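Visitor: Quick one: structure below, then a few questions.
Nothing in this text is a laboratory measurement; each read-out follows from the coordinates by a stated rule. Predicted model, so just to flag it, every value in this text is computed and none were measured. Virtual Cβ from ideal backbone geometry, glycine too; neighbours counted across all protein chains shown.
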Amino acid sequence: MPSQPLPSGEELPADEVLIGGVWTRGSGHANEVTDPATGRVLTTLHTASPEDVDTAARAAADPAWRELAPHRRARHLHRVADLIDRDADRLSAVQTADTGKTRAETAALAASAAGTFRYAAALLETAEDAITPSRGPWTTFATHEPLGVVGAIAPWNSPIASDAQKLAPALAAGNAVLLKPADWTPLTSLALGRLLTEAGLPPGLVSVLPGPGRTVGDAVVRHPLVAKVSFTGGTDTGRALARTAADKLMPVSLELGGKSPTIVLPDADREQALAGVLFGVFSSSGQSCVAGSRLFVAREIFDDFVGELAARADKLRIGPGTDPRTQVAPLVHHRHRDAVAAHVEAARAEGGRVLCGGGPPEGPAYADGAYYRPTVITGLPNSARTCQQEIFGPVLVALPFDDEDDLIAQANATDYGLACGIWTRDLARAGRIARRIEAGTVWINTYKQFSSATPFSGWKESGLGSEKGRDWLRGYQRQKSLYVADDATPLPWAS
């Protein structure tokens, strides 16, 4: 069917994907992209196929980009950032249509993507190789070179920001990239691909290949020219990807699932903690790997705090992402909404008590959208499936704790280790707890704040490898050592 205009009146991208420098119709299946707020089909896009992946990989194997001087590559990355800023409103509108997110959030994600490209450009301009201490009559160097072709498999929950976090460091490091966006949300990545083309990157350097993970993603991972894969998504998929990478002896970067604890100590600033917990789990409609989906509250304040939290969650404004008043937008897809609902029904079956939410909102305004009410559940032990499985929706499980040792034992009793939030006025105690928590990121008296300059990693089954920070580019390069003799004396063994 023909593309429908966005609510802003702008047309959605044409039925084309970017394969080896050419915008063309994909040779994969026809995929209907729907608006999560209305269920309306926005456009039909033909996805890429494994054959398209092969074409893209072979077109990407070109030395022109890697041989550019670093400051010249950086100039292209700054150009991409400028183009994102120029088209921020349109990119925000496309991502809201694609994912259902609020315009406020998608505008922030576009700004974040521009910042990521600028940060990667800065790293590129300032990255240094080393002359290492010599242990003989040589001058020794440690240098870094691009890997070649990188596979970037991005999630559906924050396309443009996730795309940038894979593209920018990989390109800065001198690589070509095969970007595979999620099947549900391809439009934002394709719009970004147009800007990459406009920025003057060499043809074929970046391909945008939407399609299912089981076909297109698998073809990217297995392709012999792909030298590394950066993946964000579910833990089961990440584990399967890592097995394939092991067979290829190929490095991978995996950002996987989470079931992150949020901790409220008895002395916490009540208003600050309430606002922070609500934001930490219900912003983005709970569709965030770092969502604070397990709430631990000191037993002496548990009933009062959780009761007030549920009352406030019940008043959060639910609506389409295009409404500036909306706080909780629809979930990304009706199938995902149904999966979240099934988790809540499982919690009820386990004996959980639903304090608020527990189903879609009522009324004709919500009838056709993938909406789900913010949900707070109590009465379950930390060992319950609902407390252990990632739900990836607006669902919070609240549990009491008795003392610090009990808290640490419960918070760490999970297969995941992505993030944690702590709410207290006692910063010394917060620091002590933070060091005992098994997670890659801990926020104290704040939540879901990020910086390109600060490393981000998952522990346990939440991931493998680290992103962001000063060493970000090095994850997309391989190291080479050079020995240069200081004189022309023949090696004595050969004399």
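Visitor: Just checking my list (1) 1.01; (2) 0.97; (3) 1.35 against Rg/Rh (Cα atoms, Kirkwood Rh) computed from this structure; which label fits?
Guide: This structure yields the entry labelled (1).
Visitor: Using only Cα atoms and rounding to the nearest 10 degrees, what angle (0 to 90) does helix 159-172 make with the longest principal axis of the chain?
Guide: Tilt of helix 159-172: around 20 degrees.
Visitor: Compute the angle between helix 70-86 and the longest alpha-carbon principal axis of the chain, please, reported from 0 to 90 degrees and rounded to the nearest 10.
Guide: Here the helix axis deviates by roughly 30 degrees.
Visitor: Can I ask one more? With everything on Cα atoms, drop me the angle between helix 50-60 and the longest principal axis of the chain, reported from 0 to 90° to the nearest 10.
Guide: Compared with the principal axis, the helix lies near 50 degrees.
Visitor: Only Lys, Arg, Asp and Glu count, each charged at its Cβ (+1, +1, -1, -1), so figure out the dipole size of the range 261-444 about its Cα centre, rounded to 20 debye.
Guide: Computed charge dipole of the range 261-444: roughly 420 debye.
Visitor: Give the lysines whose C-alpha is closer than 18 Å to that of K248, dropping any in the same chain fewer than 8 places away, or say none.
Guide: Straight-line reach from K248, under 18 Å: K228.
Visitor: To continue, here is another question. Based on the Cβ-Cβ distance of D269 and D368, what FRET efficiency does E = 1/(1 + (r/R0)^6) give at R0 = 56 Å, to the nearest 0.05?
Guide: The value I calculate is 0.85.
Visitor: Still on this structure, I have one more. Charges at C-beta only: +1 for Lys and Arg, -1 for Asp and Glu. How large is the resulting dipole of the chain about its Cα centre, in Debye rounded to 20?
Guide: 480
Visitor: How would you rank 346-356, 255-265, 50-60, highest first, on the average number of other Cβ atoms within 10 Å across their residues?
Guide: Packing proxy ranking, top to bottom: 255-265, 50-60, 346-356.
Visitor: Suppose only helical runs count, i.e. DSSP H with n ≥ 4. What mean residue ellipticity at 222 nm does that imply for the chain under -39500 (n - 2.57) per run, divided by all residues and rounded to the nearest 500 deg cm²/dmol?
Guide: Calculated from helices alone, the mean residue ellipticity at 222 nm is -11000 deg cm²/dmol.
Visitor: For each of E32, E145, count neighbouring Cβ atoms within 10 Å of the residue's Cβ, then give the residues from fewest to most.
Guide: Listing E32, E145 from fewest to most nearby Cβ atoms yields E32, E145.
Visitor: Given N residues in the range 261-444, what is Rg(Cα) / (2.2 N^0.38 Å)?
Guide: The range 261-444 yields a ratio of 0.99.
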